[in-house]
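Reading through the structure tokens given below for one structure.
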Amino acid sequence: MLQFSRLRLSGFKSFVDSTELVIAPGTTGVVGPNGCGKSNLIEGLRWAMGETSARHMRGGEMDDVIFGGTAGRPARSIAEVTIVVDNPGHIGPAPFNTADQLEISRRIERGQGSSYRINGSDTRARDVQLLFADAATGARSSGLVSQGRIGAIIAAKPSERRSLLEEAANISGLYSRRHEAENRLKGAETNLARLDDVLLTLEDQLKGLQKQARQAARYRTVSEQIRKAEAQLLALAWIDALAAIEAARARLKESDRQVSDATRLAAVTATLQAETAAALPPLRAADAAAAAALRSGSGSNTSLGLDKHGGSQQ
């Protein structure tokens with residue numbers, strides 16, 4: 001079985017400085033006046049064993065276990081409690097079962113929650129609770145007697161007395177595992193019920209997807225037919241375009257021929273125009289000379305006629 005050997009507290013309630021309590025074999029007692037922190041030692045044990053109720057720790061919330069400060073000491077933001085136990089029977093969790101000594105620590109940071117460690121390795125709170133349940137103890141064990149606990153045990157209900165008997169018979173760990181297994185089974189049943197709902201939903205989605213798949217296949221078929229029709233139209237348009245190109249080329253060739261003929265005719269006409277222009281100056285000169293001669297001849301004939309008529313008048 002597990003044997004408690006040391007308890008270390010730091011920043012836990014009134015233990016602002018790191019404090020270690022040696023639990024020697026036999027009976028270890030802590031004596032002091034009211035308010036010196038004797039109850040805080042028991043609560044430190046319970047808290048490190050996995051207590052989850054702030055009310056059982058005499059607080060409103062779990063952060064209340066952290067030292068809140070005094071007039072002469074500032075408040076702390078971290079609290080840690082470590083329980084050192086001897087493990088001669090090797091009943092610890094599987095990863096630490098070979099160790100002869102176990103250090104179970106719980107650390108809380110204000111506003112961040114708690115974390116558990118066993119021999120420096122992170123672990124679950126459930127593993128710590130099962131460890132102490134297998135050792136017939138725990139955060140709410142009847143072996144941890146606090147104020148008013150004796151009266152509560154005497155006035156306990158049958159169901160609460162049953163837990164005392166289970167603890168005495170060292171089967172509380174089995175019942176704890178049974179409770180955990182039942183919770184897992186309930187969770188599995190809930191998941192199966194949800195799975196049925198999910199399957200129904202998936203079947204409806206499958207039907208919708210099958211309909212969409214048929215529509216997609218039909219769309220692909222119609223699209224393929226449209227692409228074929230468009231390809232045929234484009235092929236016909238291409239053939240028509242080739243024919244139009246050939247006709248345009250023929251018209252261009254005919255136009256080029258007509259342009260060539262017109263160019264030759266224009267060249268011949270220009271040549272004739274040049275030759276005609278070159279022949280015009282002599283002709284104009286001859287015309288001018290003939291006109292001058294004509295005017296000279298007309299003047300002489302007029303003078304002779306006047307003299308003849310004048311002579312006969314005398």
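At a 10 angstrom cut-off on C-beta neighbours, averaged per residue, how do the peptides 232-240, 106-114, 7-15 rank from highest to lowest?
In decreasing order of mean packing, 232-240, 106-114, 7-15 become 7-15, 106-114, 232-240.
Hey, which aspartates and glutamates would be in cross-link range of Lys13, C-alpha to C-alpha under 12 Å, not counting anything within fewer than 8 residues on its own chain?
Within the straight-line cut-off, Lys13 pairs with Glu43, Asp63, Asp64, Glu80.
Whole angstrom only: what separates the Cα centroid of segment 225-243 from the Cα centroid of segment 8-53?
95 Å
Order 202-213, 122-133, 65-76 from most to least packed using the mean count of other Cβ atoms within 10 Å.
So the peptides 202-213, 122-133, 65-76, ranked by packing, come out 122-133, 65-76, 202-213.
Restricting to Cα atoms and excluding each atom paired with itself, what does the Kirkwood estimate give for segment 3-139 in Å?
15.4 Å is the Kirkwood radius here.
Return the aspartates and glutamates within reach of Lys211: Cα separation strictly under 13 angstrom, same-chain partners fewer than 8 residues apart disregarded; answer none if there are no such residues.
Glu203
Computed from the coordinates by the stated procedures, all read-outs in this text should not be read as laboratory data. All values derive from a computational prediction rather than experimental measurement. Reconstructed Cβ throughout: ideal geometry from the backbone, glycine too, with neighbour counts over all protein chains shown.
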